[in-house]
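Only one structure is covered here, and it is reproduced in the block below.
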Amino acid sequence: MNQMSPVAVEVNGRKYPWPRVPAIAICLDGCEPAYLDEAIKDGLMPTLERIRTKGTVRTAHSVIPSFTNPNNLSIATGRPPAVHGICGNYLYNPETGEEVMMNDPKFLRAPTIFHGFYDAGAKVAVVTAKDKLRALLGHGLKFDEDRAICFSSERSDTTTKAEHGIDNASKWLGRPVPDVYSAELSEFVFAAGVKLLKEWRPDVMYLTTTDYVQHKYAPGVKEANDFYEMFDRYLTELDALGAAIVVTADHGMKPKHHADGSPNVVYVQDLMDEWLGKDTARVILPITDPYVVHHGALGSFATAYLPKGADREAIMGKLREIEGITLVVGREEGCKRFELPEDRVGDIIMISGENKTIGTSESRHNLAALNEPLRSHGGLTEQAVPFIVNRVLPDLPDAPDLRNFDAFLYAVTAAAQA
């Protein structure tokens, strides 16, 4: 800590101690805790096994819906979606009838922890696998003082000093841009994190990956184990460089298919059309993003906008009778329970169980690219995530009191005690 450093930084009503060593939060997208258990059991993650023995291990809860954007922004802001506003990957505006991606900073309603630390004089680095998160995570950072770097693996060859804090990150790292549907997209994130820590020494760094592997392969499968073995090699380097590290996830992942491997789906838009008339209701799937090849836009959380005059209680009653739909609540109750912004959620919130997904209309989902049995997320059964710190924090709570968006609070707390 230099003489000008503050004692703590306050962001969104929470105080974050100033780190004495680099503080890193790593979000392993889609990391069901069983992935780590299986890879450790097979002897493939010796560093994480050592950290789990000598550091602090807990289970945390993600925010609901257990999707990428809401949870990454919760980790980045330290708050639930009711505060930061990002309640899905996808948003419906009933006033305009438009369905839009929620990856523009204009949808963000709270500053990020990175913004707060940057304004306080810290050096901040953010590396994300997919570019859909980059603008949101980097909002508020300025790149003209050599104190901020924020880029994605996906578009690493087009980065500029003015917009990302670094020119051509792909060339800088000495790696080609990986395919967006690959484990290498996440490996690029880890490799960049190691190089940034060695050469640039940020005070605060966030590394967040893609769940391509987890959507395709179950815990213990070779391809999944290969991914976590690879991650452990980079974790070894990050840990050896003296950083305080929290490893967590944005959500878990569960099998969502029948015994024959076909997707297990209830198409709720088709049901709404039958009950209320074609296209009078609108079912929105917040999992929807530009990268649907590995999940077909099928997840376990959906919201529905009903036409004026519709009997909401009657519709909810019908939905509750559908096998695999485990929770159906109105907007008010659901937003209070899951800390969601009411103005960005439909009249009804519905969640499916561990092995079921929710779709719109069967004709709208292109599942031809699903070359493995469907695995997905979004519901309560994907809420439990790992929370592992490479330092001893004896007072760390467990779920449900511990949330994945506490990652930076405990990373900087551990870094301040170093």
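The values are calculated or read from the model by the stated rules, or taken from the named source; none is laboratory data. Computed from a prediction, not measured in an experiment: that's the story for all the values here. All Cβ positions, even for glycine, are placed from backbone atoms using ideal geometry, and neighbour counts span all protein chains on display.
Before moving on, here are some points about what is shown:
- Residues that are farther than 21 Å from Gln417 by Cβ, of a type in the set (Ser, Thr, Tyr) and at pLDDT 95 or above do not occur anywhere in the range 3-26.
- Residue within the range 7-22 that is out of contact with any strand residue (DSSP E or B) (no Cβ under 8 Å at 6 or more places or on another chain), hydroxyl-bearing (Ser, Thr, Tyr) and within 30 Å of His115 (Cα to Cα) present: no
- Members of the range 97-115 found to be hydrophobic (A, V, I, L, M, F, W, C) and assigned to a helix (DSSP H, G or I), listed by number: Phe107, Ile113, Phe114
- Residue under evaluation Gly261, criteria (1) surrounded by fewer than 24 Cβ atoms within 10 Å (Cβ to Cβ); (2) within 21 Å of Pro373 (Cα to Cα); (3) touching a Phe, Trp or Tyr at 6+ places or on another chain (Cβ under 8 Å), criterion not met: (3)
- When Leu207, Leu238, Leu197 are checked against the criterion of being within 12 Å of Ile26 (Cα to Cα), more than 20 Å from the chain's Cα centre (by Cα), at pLDDT 95 or above and not β-branched (Val, Ile, Thr), Leu238 stands alone in meeting it.
- Matching option when the condition is in a helix (DSSP H, G or I), in contact with a helix residue (DSSP H, G or I) (Cβ under 8 Å, 6 or more places away or on another chain), within 26 Å of Ala384 (Cα to Cα) and outside the structural domain of Ser182 (by TED's automatic domain parsing), among Leu327, Leu319: Leu319
- Index of the failed condition, Ala125 passing every other in (1) crowded, with 24+ Cβ neighbours inside 10 Å; (2) more than 12 Å from the chain's Cα centre (by Cα); (3) in a helix (DSSP H, G or I): (3)
- Of the helices (runs of 4 or more DSSP H) that lie entirely inside the range 10-91, those containing 3 or more residues that are under 11 Å from the mean Cα position of the chain (by Cα) and buried (at least 24 other Cβ atoms within 10 Å of the Cβ) span 68-77.
- Listed by first and then second residue, the pairs with beta-carbon distance under 7 Å, at least 6 apart or on different chains, first residue in the range 301-328 and in contact (Cβ under 8 Å) with a residue 40 or more places away in the chain, second surrounded by fewer than 13 Cβ atoms within 10 Å (Cβ to Cβ), are Tyr305/Pro94.
- The listed residues are Glu199, Glu229, Glu274, Glu237, and the only one of them that is under 30 Å from Phe114 (Cβ atoms) and free of Cβ contacts under 8 Å to residues at least 12 places away in the same chain turns out to be Glu199.
- Within the range 148-167, the residues that satisfy the criterion of being of a type in the set (D, E, K, R) and in contact with a Pro (Cβ under 9 Å, 6 or more places away or on another chain) are Glu154, Asp157.
- Residue count for the range 381-418, restricted to those that are among the aliphatic types (A, V, I, L, M), modelled with pLDDT of 95 or more, within 19 Å of Ala243 (Cα to Cα) and not in a helix (DSSP H, G or I): 5
- Filter result for Leu367 (touching a strand residue (DSSP E or B) at 6+ places or on another chain (Cβ under 7 Å) and either at pLDDT below 95 or not in a strand (DSSP E or B) (or both)): yes
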